[in-house]
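Here is the structure we will look at, set down as structure tokens.
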Amino acid sequence: MDHVVRLDSRQEAALQAVADKFVALQKGDVMKALKEMIVLNGHLQDQLDAIPAQRRAAR
């Protein structure tokens, strides 16, 4: 992990609410929700990694 993110109590509560909803979408299966989130984050990271390459290509 590159860095530690610190959350205040309001941010923690908001994150918990989103996490609860995401687990509910996976019918309460926490492990399935975790795996799905890892896959989604991987896709987002790929898109972020592609942005600098697109900018270099546009020059």
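Every number here is computed from the coordinates shown, using simple stated rules; none is lab data. Keep in mind that this is a model prediction, so the values were computed, not measured. Heads up, the Cβs are rebuilt from the backbone with ideal geometry, glycines too, and the neighbour counts pull from every protein chain shown.
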Residues in the range 2-16 that are over 14 Å from the mean Cα position of the chain (by Cα) and in a loop (DSSP other than H, G, I, E, B) total 6
Expected single match for surrounded by 10 or more Cβ atoms within 10 Å (Cβ to Cβ), without any contact (Cβ under 8 Å) to a residue 60 or more places away in the chain and in a helix (DSSP H, G or I) among Ala57, Ala19 is Ala19
The condition of being loosely packed, with under 10 Cβ neighbours inside 10 Å and not small (Gly, Ala, Ser) holds, among Val30, Val5, only for Val5
